[in-house]
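Since the structure comes first, as structure tokens, the remarks are kept for the end.
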Amino acid sequence: MIKYQEDVYFDINGLHKIKFPVSGEGCPLKLELLKAEDKLVDFGIKTVGADITKYVNVQNNSKRAITLSFDLDD
């Protein structure tokens, strides 16, 4: 776990400033490929506009559950 501590300042109508300490712990993301050979995915030669689907298995070794999604439309 990664611990952090920061101060957040609130400005009330330009007359009062209040310091608000914030602290907590972060959980590093430990997402790994199940197979090392999946590090590079070859989509081959396809025609323009063709749909190609490839599957790569990953494993979450973090201490928390995650939601993973990719948006490749851009």
State whether one or more residues within segment 14-21 are hydrophobic (A, V, I, L, M, F, W, C) and in a strand (DSSP E or B). yes
Can you confirm whether segment 45-54 contains a residue that is in contact with a strand residue (DSSP E or B) (Cβ under 9 Å, 6 or more places away or on another chain) and either of a type outside the set (D, E, K, R) or modelled with pLDDT under 90 (or both)? no
Flagged in segment 1-42 as surrounded by 10 or more Cβ atoms within 10 Å (Cβ to Cβ) and of a type in the set (Val, Ile, Thr), in numbering order, are Val41
How many residues does segment 22-58 hold that are in a helix (DSSP H, G or I) and closer than 18 Å to Ser69 by Cα? 2
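Of all residues in segment 44-74 being within 12 Å of Leu29 (Cα to Cα) and without any contact (Cβ under 8 Å) to a residue 12 or more places away in the chain, which is surrounded by the fewest Cβ atoms within 10 Å (Cβ to Cβ)? Before you say what the answer is, go through the steps one by one.
So in segment 44-74, the residues within 12 Å of Leu29 (Cα to Cα) come out as 59-68.
Checking which are without any contact (Cβ under 8 Å) to a residue 12 or more places away in the chain leaves us with 65, 67.
Details: Ala65: 6, Thr67: 4.
Within segment 44-74, the match that is surrounded by the fewest Cβ atoms within 10 Å (Cβ to Cβ) is Thr67.
Could you check segment 1-13 and list, in sequence order, the residues that are in a loop (DSSP other than H, G, I, E, B) and over 25 Å from Ala65 (Cβ atoms)? If you could, list the steps in order and put the result at the bottom.
Pass one, segment 1-13, residues in a loop (DSSP other than H, G, I, E, B): 1, 13.
Across segment 1-13, the qualifying residue is only Asn13.
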Name the pairs whose Cβ atoms lie under 9 Å apart, with the first residue in segment 22-38 and under 10 Å from Val58 (Cβ atoms), the second among the β-branched types (Val, Ile, Thr) and part of a strand (DSSP E or B), and 6 or more positions between them or separate chains? Leu31/Val58; Glu32/Val58; Leu33/Val58; Leu34/Val58; Asp38/Val58
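The values are calculated or read from the model by the stated rules, or taken from the named source; none is laboratory data. Here the structure is a predicted model, which means the values were calculated and not measured. Please note: Cβ atoms are built from the backbone with ideal geometry, for glycine as well, and neighbour counts cover all protein chains shown.
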